[in-house]
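Undergrad: Just dropping this structure here.
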2 protein chains.
Amino acid sequence: MNDVLIYDPTLRDGQHAVRHQLGVDAIRRYAEAADAAGIPVVEVGHGNGLGASSLQVGLAAVGDDEMLSTVREALRHSRMGVFMLPGWGTSTDLRRAIARGADVVRIGVHATETSLAERHLGVLRDAGAEAHCVLMMSHMATPGELAEHAARAVGYGAQAVGIMDSAGWFLPPDVTVRIAAIGSAVDTPVIFHGHDNLGMAVANSVAAAQAGASIIDGCARGFGAGAGNTQLEVLVPVLERSGFSTGIDLYALLDAADLAERELMPAPPVTASMTIVSGLAGVFSGFKHRVVELSARAGVDPRDVFFELGRRQAIAGQEDLIVDVVAELSARTGRVAALQK
Amino acid sequence: MNDVLIYDPTLRDGQHAVRHQLGVDAIRRYAEAADAAGIPVVEVGHGNGLGASSLQVGLAAVGDDEMLSTVREALRHSRMGVFMLPGWGTSTDLRRAIARGADVVRIGVHATETSLAERHLGVLRDAGAEAHCVLMMSHMATPGELAEHAARAVGYGAQAVGIMDSAGWFLPPDVTVRIAAIGSAVDTPVIFHGHDNLGMAVANSVAAAQAGASIIDGCARGFGAGAGNTQLEVLVPVLERSGFSTGIDLYALLDAADLAERELMPAPPVTASMTIVSGLAGVFSGFKHRVVELSARAGVDPRDVFFELGRRQAIAGQEDLIVDVVAELSARTGRVAALQK
């Protein structure tokens, strides 16, 4: 059996589903439960990572330092992970996190923007933490581009590198070709992080493992924005049945997931229509509220807006594009004119 | 592109999730929405099919005749389907359903009990309805056995034959080998009906289509017991992206799913821990309430009970086995004795 290392961002990526409002007690209890299940890495933080808590993207209920201290104390065997987006967090945030006991630090960049991670990966190499680099919105890059950028990240010092299916667009064959391309370009472990917009997160993760990925992400009950992340307590037994070894205790894992459902979330994620559309369009589902709101005001179909945003390859930070697309579709359909009569 | 015929049991299999309490208005509105989306077959009925409404398994809110008349009136293009389990329904029920406009009639039998369908398939052949035969709990039979029983069903008059993953146990390779075996044994269309206990319902359905199945089941928002059925409005675009043609309008399908979420269910299905366990154990998730209740009383772990029921190949109708297993596990662990002190 091949070993797969399970990486659990429930307490970080899951935060998006509750606007970063997880409290200290809930964080501690989930970390203890994950540790008891033998999950190798437990990631914690604001949904957008170190330093991201702000009025603009949302203030977390608990600051970075306190989140890290809480999880550090809760973990006996598991390692602690953190996530950072260059520009949102800084080298100072990285050093503070490592001082507070972060064992694994992930730098996230857009699929073809690896150069943004260069300086931070260098800082991590010097600071002694395990450095990962993840390429986000990876469906927007070809397998060859991903391989090239993965190799660059390793050149900058990444000790593991891989892809996030940030829009939940992939089907298994898409994952297979990308993971294989990256695997043939680097000697480090390869990472896969899925989202469930098309009901494929677990199947995509198995495809990734079969193509050579050895670090796979999953969140308890799929905790995360929109359709949610790969459901951890489904992923683990399905990987085991598919011939991979995770070293995780199934019953303790199910207990952790039950605790997560009770204490972290109002309800588990649902694959609703707009998240299916954003997945099919290849657009970050975080655009949803704004797309729905502006579309309603202009009398256009928000699904048309998502598909047009997909054609224009909109990425996070380009929310202004929504305004343009809504205005154009509105003019094209003449619905606003009709409404104004 | 190969054509796949989508068969929609939302108004029949979904009923399990609401104890067969769908009302006439909700049934009518969903049938109209499904028809508008171009779904080829809309199935309706008590969760356990024609004639099953009873005190023992649950009285439906609406009788068979009224459900059928309601859907018949609502459909302009879609055909109407019904389901029957021999022993629960009778030839009289079949003839009444056909008189009320059922176009497609499915007879469901345990995977290796095709002979139970012989008489009813004969009745259908004479009555002029399209006859399907589905083999339930199909993970308990080998591909060879399924092929043999599928061929027998065709011999009895079935015009389409296939498998239900009643326990939600399959992973895609399990589906591929079974559908291929059936396909090589019969000349009729082959059916696949999935459940989502292991997060694999859509992936399994794609695997089925790729292995030659041409009738695939899905329910709006996955409406169904436990982890739910294959989510219809995810299944359709994923099949289309995988190279299959369904003829269904995506936006109208999403509208139908939104309506289903609003009007048919208190909340969409969640893949909770006990449904994962029942899937892994290969046991019908309908056992859940009884397993949890008896386990709690005896102080044993309900997950152990499910896995032991799986080893004993428990099937629906064998609920008495739960009592035996709980008693044995309880004696083995000595927990009851401890509790009684």
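Undergrad: Closest approach to the B-A rotation axis by any Cβ of B: residue and distance in angstrom?
TA: B:Ala203, 2
Undergrad: Could you tell me which residue out of B:Gly81, B:Ser245, B:Ala260 lies farthest along the dipole of the range B:2-263 toward its positive end? Charges go on the beta carbon: Lys and Arg +1, Asp and Glu -1, centred on the Cα centre.
TA: B:Gly81
Undergrad: Where nothing but the Cβ of Lys and Arg (+1) and of Asp and Glu (-1) is charged, how large is the charge dipole of the protein assembly as shown around its Cα centre, in debye to the nearest 20? List each step's numbers first, then the result.
TA: Values: 54 positive and 78 negative charges, 95 e Å.
It comes to approximately 460 debye.
Undergrad: Moving to a separate point now. Could you tell me what percent of the DSSP beta bridges with both partners in the protein assembly as shown are antiparallel, to the nearest 5?
TA: Numbers: 5 of 73 bridges.
DSSP beta bridges in the protein assembly as shown are roughly 5 percent antiparallel.
Undergrad: Next up: Only four residue types carry charge here, +1 at the Cβ of Lys and Arg and -1 at the Cβ of Asp and Glu. Report the dipole size of the range B:2-263 about the Cα centre in Debye, rounded to the nearest 20. Present the calculation step by step, with values, prior to reporting the outcome.
TA: Details: 18 positive and 31 negative charges, 76 e Å.
Here the size comes out at about 360 debye.
Undergrad: Still on this structure, I have one more. How large is the Rg to Rh ratio of the protein assembly as shown when both quantities use alpha carbon positions and Rh follows Kirkwood? Intermediate values should be presented prior to the final figure.
TA: Values: Rg = 25.7 Å, Rh = 26.1 Å.
When Rh is taken as the Kirkwood radius, the ratio is 0.99.
Undergrad: Would you mind listing the distances between the B:Glu66 label point and the same position in each other copy? Use 7 Å along Cα-to-C-beta, nm, one decimal, shortest first.
TA: Output for B:Glu66: 5.6 nm, nearest copy listed first.
Undergrad: Related question: By how many degrees, between 0 and 90 and to the nearest 10, does the Cα long axis of helix A:320-333 differ from the longest principal axis of chain A?
TA: That works out to roughly 30 degrees.
Undergrad: Next question. Quantify how strongly other chains surround peptide A:242-255 by giving the mean number of their Cβ atoms within 10 Å of each of its Cβ atoms. If you can, show how the numbers build up before the last one.
TA: On the way: counts 3, 0, 0, 0, 0, 0, 0, 0, 6, 5, 0, 2, 6, 2.
What the average comes to for A:242-255 is 2.
Undergrad: Nearest-5 percent of antiparallel DSSP beta bridges in the range B:1-160?
TA: Working: 1 of 20 bridges.
Around 5 percent of the beta bridges assigned by DSSP in the range B:1-160 are antiparallel ones.
Undergrad: Rank-order B:132-140, A:195-203 by packing density, defined as the average count of other C-beta atoms within 10 Å over each peptide's residues, highest first. It would help to have the intermediate numbers written out before the result.
TA: Working: B:132-140: 24.9, A:195-203: 29.2.
Packing order, densest peptide first, comes out as A:195-203, B:132-140.
Undergrad: If you don't mind, another one. Which value in Å is the Kirkwood Rh of the range B:42-112 over different Cα pairs?
TA: Numbers: mean 1/r = 0.0818 Å⁻¹.
It is 12.2 Å.
Undergrad: Can you list the distances in nanometres, one decimal and ascending, from the B:Thr90 label point to the identical position in each other copy, with the point 7 Å along Cα to Cβ?
TA: 8.2
Undergrad: What percentage of all Cα-Cα pairs in the range B:247-302 are separated by more than 17 Å?
TA: The calculated P(r) of the range B:247-302 puts 58 percent of pairs beyond 17 Å.
Undergrad: State whether the range A:273-340 is rounded, prolate or oblate according to the following rule on the C-alpha gyration tensor (a ≥ b ≥ c being the square roots of its eigenvalues): a/c under 1.5 gives rounded; otherwise a/b larger than b/c gives prolate, and the remaining case gives oblate.
TA: Working: a/c = 1.97, a/b = 1.74, b/c = 1.13.
Prolate is the answer for the range A:273-340, as a/c is 1.5 or above and a/b outweighs b/c.
Undergrad: Okay, next question. Relative to the compact globular guide of 2.2 N^0.38 Å, what is the alpha carbon radius of gyration of the range A:195-319, as a ratio?
TA: Details: Rg = 16.8 Å, N = 125, 2.2 N^0.38 = 13.8 Å.
Cα-based Rg divided by the globular estimate yields 1.22.
Undergrad: Also: Using alpha carbons only, how many degrees (0 to 90, rounded to 10) separate the axis of helix B:201-210 from the longest principal axis of chain B?
TA: On a 0 to 90 degree scale, this one is about 50.
Undergrad: Which angle between 0 and 90 degrees, to the nearest 10, do you get for helix A:172-183 versus the longest principal axis of chain A when only C-alpha atoms count?
TA: Helix A:172-183 sits roughly 50 degrees off the main axis of chain A.
Undergrad: Something else: Between B:Asp301 and A:Thr142, what is the spin-label point distance in nm, taking each point 7 Å from the Cα along the Cα→C-beta axis?
TA: It works out to 5.1 nm between the two label points.
Undergrad: Counting only helical runs of four or more DSSP H residues, what would the 222 nm mean residue ellipticity of the protein assembly as shown come to if each run contributes -39,500 (n - 2.57) and the total is spread over all its residues? Provide the component values of the computation, followed by the final result.
TA: Working: 28 runs with 308 residues, N = 682.
Mean residue ellipticity, 222 nm, calculated: -13500 deg cm²/dmol.
Undergrad: Give or take rounding to whole Å, what are the principal axis extents of the alpha carbon atoms in the range A:101-232, in descending order?
TA: The Cα atoms of the range A:101-232 stretch 40, 34, 22 Å along their principal axes.
Undergrad: Something else: What whole number of Å gives the distance from the Cα centroid of the range A:158-198 to the Cα centroid of the range B:221-255?
TA: Measuring centre to centre over Cα atoms gives 25 Å.
Undergrad: Please give the Cα centre distance for the range A:263-300 versus the range B:18-80, rounded to the nearest Å.
TA: 30 Å
Undergrad: Please report, for A:Pro266, the nm distances (one decimal) from its label point, 7 Å out from Cα along the beta-carbon direction, to the equivalent points in the remaining copies, shortest first.
TA: 1.8
Undergrad: Dividing the Cα convex hull volume of chain A by residue count, how many Å³ per residue is that?
TA: Numbers: hull volume 40.7 nm³, N = 341.
Cα convex hull per residue, to the nearest whole number: 119 Å³.
Undergrad: Could you give the length gained on full extension between A:Asp65 and A:Glu293, defined as 0.36 nm per residue of separation minus the Cα-Cα distance, in nm? Numbers along the way, then the final one.
TA: On the way: separation 228, 0.36 × 228 = 82.08 nm, distance 3.53 nm.
The A:Asp65-A:Glu293 span can extend by a further 78.6 nm.
Undergrad: A further question follows. Given 0.36 nm per residue, what is the gain on full extension from B:Arg312 to B:Thr90 after removing their alpha carbon distance, in nm? Let's see the in-between values first.
TA: Values: separation 222, 0.36 × 222 = 79.92 nm, distance 3.01 nm.
Gain on stretching B:Arg312 to B:Thr90: 76.9 nm.
Undergrad: Another question about this same structure. Can you tell me how much longer the chain between B:Ala327 and B:Asp126 gets when fully stretched, taken as 0.36 nm per residue apart minus their C-alpha distance, in nm with one decimal?
TA: Details: separation 201, 0.36 × 201 = 72.36 nm, distance 4.92 nm.
Net length gain for the segment: 67.4 nm.
Undergrad: Let me ask something else about it. Within 10 Å of each candidate Cβ there may be at most 14 other Cβ atoms; applying that plus a DSSP loop requirement, which trypsin sites (Lys or Arg not before Pro) in the range B:275-328 survive?
TA: Passing sites in the range B:275-328 are B:Arg312.
Where a number appears in this text, it was derived from the coordinates with a stated rule and is not lab data. Nothing here was measured: the structure is a model prediction, and the numbers come from that model. A quick note on method: Cβ atoms are made from the backbone with ideal geometry, for glycine too, and the neighbour counts reach across all protein chains shown.
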